[in-house]
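Just so you know, all these numbers are worked out from the coordinates, no wet-lab data involved. The structure presented is a predicted model; accordingly, all values stated were derived computationally and were not measured. Ideal geometry is used to build each Cβ from the backbone, glycine not excepted, and the neighbour counts take in all protein chains shown.
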Amino acid sequence: MQSEYDNKIVRMWVYSCVTWALAAMLAGVLAAFQLVFPIMNADLSFISFGRLRPIHTNGAIFGFTASIVFATFYYAIPRLLRTPMWSRKLSLIHFWSYIATIILAVVTLSMGYTQSKEYAELEWPLDILVCFWWVVMAINVFMTIAKRQEKHMYVAVWFFIATIVTVPVLYIVNNLAVPAGFLKSYSVFSGSTDASIQWWYGHNAVAFVLTTPILGMMYYYLPKHTKLPIFSHRVSIVHFWSLVFLYIWAGPHHLLYHPIPDWAQTLGMVFSLMLIAPSWGGMLNGFLTLTQAKEKIRTDATLKFMLVALTFYGMSTFEGPMMAIRAVNTLSHNTDWTIGHVHGGALGWVGGMAFAALYYLVPRLWNAKLHSERLAEIHFWTATIGILVYVVSMWVSGITEGLMWRAVDAQGSLQYPDWIEIVRALKPYRLARALGGSLFLAGFCIMLYNLYKTIKNAGSGFETSDLREGAKA
Ligand code: HEM
Ligand code: HEM
């Protein structure tokens, strides 16, 4: 049965993941330096901050994150259901139409074509392409589920299904638009309705692209790699259903004090606070599984990055609900604090789990021992220190920014009416963020070299130890 599994498609997704990760992070680092040294915009429209930013966010979310998620779908789903994917042809159509979309996204965004909706910037022809390959993938996955040999559907599969079903619903509704030319369209929604739909989408993109599939990855790789059962299956089921139910209502926390109904804002705040419970349920379930193999963490790259991922997941899912409290949001909204929160989740949780997955997959897919655990250790430290520098500098910057915006003198006039004065005050923290991001990127490049050397040894044999399963396991 094992030989029927299509590892080639998983390898293709691994290449896609590292390519887009590199591109997105280079764009992120350049954007971070541009915010400190505007001269780095170089008077070139296609790399100006306004164009680079959506290239970075789309590249990181729909390039880097989506690719490692799809690599996991094609690796884990056949193994969990004990049957190969339903159609190799559909797997290939999915891959190549996805690659075409991402290339066209980079080209059109750098030319300035955008719907001006965050995380939904792509113009309508590309939206249609996204829907096409998503449906192709969904058909392939659901047909595989239908012909499965394993009756029991393990919780990781539930997390994957939640992603596959919810993302197209969000994507299609938020992108409903009237075309007004080949690369120009107008949203069918307007005003505060448009904002509400946009943040119902934006927030749930966080939920169903940056959270549920990543939890599915944790539930697959962690027990497989440690060969230990997950700490509690009951908790995994309870937190799955409560997480997907609660997330969908929390979007209005992006629109606190905006002209949407007050009850909707309160709803968003309350559901965000309730989200701590299922988020921490998942985090603790992961931690308690990981601690059963704690003596291995020091020497194993996959487990090290799981530790990073779970720590930052716990942190950002505590911080997020706090930021959703109205009084806190008056200080944090639109400041660098939000950017710090985003990257605690993006670099720590998503990045950490993606690296854990790559260290798990590459030796198995190429049947070779990881070139160097020592380099993986260096990657671990550069990434961890990089994330901490990034997040802490953004906390300081964001709180400084929020306090300066609201500071008033004895007469009640703004103390810093001159915007640029505030921007100047934030420069040192933003420089620290750019350096933290560069460190994170440097760690990533070390991993690339390590994986490249591993792949060069393809076929040399994947060493089995008490932790590692054999190539055929
Ligand atoms: C080398 C690492 C990275 C650096 C230096 C970096 C830098 C940046 C910068 C400078 C911004 C714009 C901030 C602003 O407008 O004030 C940004 C935004 C963003 N980045 Fe990154 N980034 C990195 C990695 C990532 C990764 C891996 C992800 C996702 C998996 C990600 C997701 C985002 C998102 C979602 C935003 C938009 C945040 C918002 O609008 O609130 N970034 N990043
Ligand atoms: C319980 C879980 C979470 C809650 C309740 C939550 C809540 C929040 C809140 C209140 C904001 C600020 C909204 C604003 O003032 O504009 C925010 C922004 C954001 N969060 Fe979270 N968060 C959670 C977890 C996460 C995780 C795990 C990630 C990433 C992996 C993440 C990614 C983001 C992004 C990308 C934004 C910026 C959106 C934008 O303005 O562009 N969040 N979140």
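Taken over the C-alpha atoms, the chain has Rg and Dmax values of 22.1, 78 angstrom. Taking label points 7 Å from Cα along the Cα-to-Cβ direction, L284 and S116 give a separation of 4.7 nm.
The P(r) of the stretch 32-115 has a tail past 14 Å containing 71 percent of all C-alpha pairs.
Note on M274/Y449: beta-carbon distance plugged into 1/(1 + (r/R0)^6) with R0 of 60 Å gives a FRET efficiency of 0.85. The long axis of helix 419-456 is offset from the longest Cα principal axis of the chain by roughly 10 degrees.
Backbone N atoms of the stretch 338-382 closer than 11 Å to the 7 Å Cα→Cβ label point of E421 are not found in any residue.
Here, the stretch 1-156 has an Rg and a Dmax of 18.1, 60 Å when only alpha carbons are counted.
Which residues does a label at A407 reach in the stretch 417-456, if reach means a backbone N under 16 Å from a point 7 Å past the Cα toward the Cβ? Within reach of a label on A407: 417-429.
Counting neighbouring Cβ atoms within 10 Å and putting the fewest first, the residues D6, D418 line up as D418, D6. Extension gain for the segment K294 to S460, taken as residue separation times 0.36 nm less the Cα-Cα distance, is 56.9 nm to one decimal. Cα gyration tensor of the stretch 126-270, axes a ≥ b ≥ c as square roots of the eigenvalues: rounded (a/c below 1.5), prolate (a/b > b/c) or oblate? Oblate shape, in that a/c is at least 1.5 and b/c is the bigger or equal ratio.
The three principal axes of the C-alpha atoms in the stretch 89-182 carry coordinate ranges of 49, 25, 19 Å, sorted with the longest axis first. Here is how the number arises for the chain: DSSP H runs of 4 or more residues each give -39500 (n - 2.57), the sum is divided by the residue count, and the result at 222 nm is -23500 deg cm²/dmol.
Summary of the geometry: the stretch 47-102 and the stretch 295-353, compared by the centres of their Cα atoms, lie 23 Å apart. Counting only Cβ charges, +1 for Lys and Arg and -1 for Asp and Glu, the dipole size of the stretch 2-456 around its Cα centre is about 1720 debye.
Fewest neighbouring Cβ atoms within 10 Å first, the residues D336, D262 line up as D262, D336.
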